[in-house]
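Participant: Take a look at this one; I'll ask things after.
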Amino acid sequence: MAIHDPTSERLFVDIALAQGARVELGEDQANYLVNVLRSKIGAGVLVFNGRDGEWRARLAETKKRSAVLDVLEQTRPQIDGPDIDYLFAPLKHARLDYMVQKAVEMGVAKLMPVQTRRTVPDRVNFDRMRANAIEAAEQCGILRVPEIGELRPLVKVLDGWDAKRTLIFCDEDNGATSPLSTLTGVRPGPLAVLIGPEGGFSVEERENLRSKPYVVALSLGPRIMRADTAAVAALALINATLGDWGADWGAD
């Protein structure tokens, strides 16, 4: 899902997009476009909403606290990418921001925070998570913004799990088993990847995960990684073997 026009600014807008549509931007986006970027009437911008693809628009009107765009033509049809959910134990502040941004860049379909035995933060700022997800999608040419689930205990998430979706959990105690060998044995279909907290999974959580027929334990090598680093490593491996790296998602 490469950016076709890297010279143009991209904005996420939560409104239906079609040729001839008018989009009224809120105060923050209007300020960014008009005052930060110094865009003038007639300036071009790319817009997307996660449903209708990407469209070229032009700045048609500026107001005191808003601006209006005219939608001109579609530049890319909607391309969603791989069906990979990302489950993670929340981190604090900047590191959680980084993790969310990188997961979005890697093309995940859903962000699902889970509470584990050793999770330190007991709540997450969903507005901040969504803002980070949107910013990553805008900057990296991604056409969808992942759904963000509510924070739930891991045990309850597993109790209600759809067994048709393989859950790959990154197990720091899985020895030196080759991650590529593990992933090549995973059945095709919907996937999820689970990254634990900084302190790792508890013995009970690990045993519970390993008891599930839909769970695959994945080693990330001999070194212990921080949770945000592990997220990038795991998603890169999964995309390379089971995801959309090398696949043509725009093909009929």
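Participant: Express the carbon and sulfur contribution to the solvent-accessible surface of region 95-183 as a percent, rounded to the nearest whole number, probe 1.4 angstrom.
Facilitator: Numbers: 1960 of 4280 Å².
Result for region 95-183: 46 percent of the exposed heavy-atom area is carbon or sulfur.
Participant: Next question. Mind computing the radius of gyration and Dmax over the alpha-carbon atoms of region 1-72? Å is fine for both.
Facilitator: 11.3, 35
Participant: What is the chain's relative contact order, in percent, from Cα pairs under 8 angstrom and six or more apart in sequence?
Facilitator: Working: 481 pairs, mean separation 47.6, N = 252.
The value is 19 percent.
Participant: When Lys and Arg each count +1 and Asp and Glu each count -1, what net charge do the other residues less than 14 Å away from ALA227, Cβ to Cβ, add up to? Write out the running numbers ahead of the final one.
Facilitator: Values: positive: LYS92, ARG95, LYS102, ARG118, ARG223, ARG226; negative: ASP97, ASP171, GLU172, GLU198, ASP228.
After counting each charged neighbour, the total is +1.
Participant: How big is the gap, in Å, between the Cα center of region 128-163 and the Cα center of region 10-89?
Facilitator: Result: 21 Å between the Cα centres.
Participant: Relative contact order for region 119-191: what percent, with Cα pairs under 8 Å and sequence separation of 6 or more?
Facilitator: 26 percent
Participant: Please list, in chain and number order, the residues 5+ apart from ARG76 or on another chain whose amide H is under 5 Å from its amide H, with Hs placed from the backbone.
Facilitator: GLU54
Participant: While we're here: So which of LYS40/LYS110; LYS92/LYS212; LYS110/LYS212 end up more than 31 Å apart, counting from Cα to Cα?
Facilitator: Details: LYS40/LYS110 36 Å; LYS92/LYS212 29 Å; LYS110/LYS212 21 Å.
Going by Cα-Cα distance, LYS40/LYS110 fall outside the 31 Å limit.
Participant: Who wins for biggest fluctuation among LYS40, LYS110, LYS102 in a Gaussian network model of the chain, springs between alpha carbons below 10 Å?
Facilitator: LYS40
Participant: Give the value in nm², to one decimal: projected area of the alpha carbon convex hull of region 37-162, averaged over all directions. Don't skip to the end; give the middle numbers.
Facilitator: On the way: hull surface 38.1 nm².
Across all orientations, region 37-162 yields a mean hull projection of 9.5 nm².
Participant: Could you give the accessible area per residue of the chain, probe 1.4 Å, as a whole number in Å²?
Facilitator: Working: 12750 Å² over 252 residues.
Result: 51 Å² of accessible area for each residue.
Participant: Have a look at the DSSP beta bridges in the chain and tell me what percent are antiparallel, nearest 5. Before the final figure, lay out each step's value.
Facilitator: Numbers: 17 of 41 bridges.
Bridges in the chain that DSSP calls antiparallel: roughly 40 percent.
The values are calculated or read from the model by the stated rules, or taken from the named source; none is laboratory data. Computed from a predicted model, the values in this text were never measured in an experiment. Glycine gets a Cβ as well: all are built from the backbone with ideal geometry, and neighbour counts include every protein chain shown. Surface areas here come from the heavy atoms of the whole protein model, side chains and all, with no ligands, DNA or RNA. Shrake-Rupley method; radii C 1.70, N 1.55, O 1.52, S 1.80 Å.
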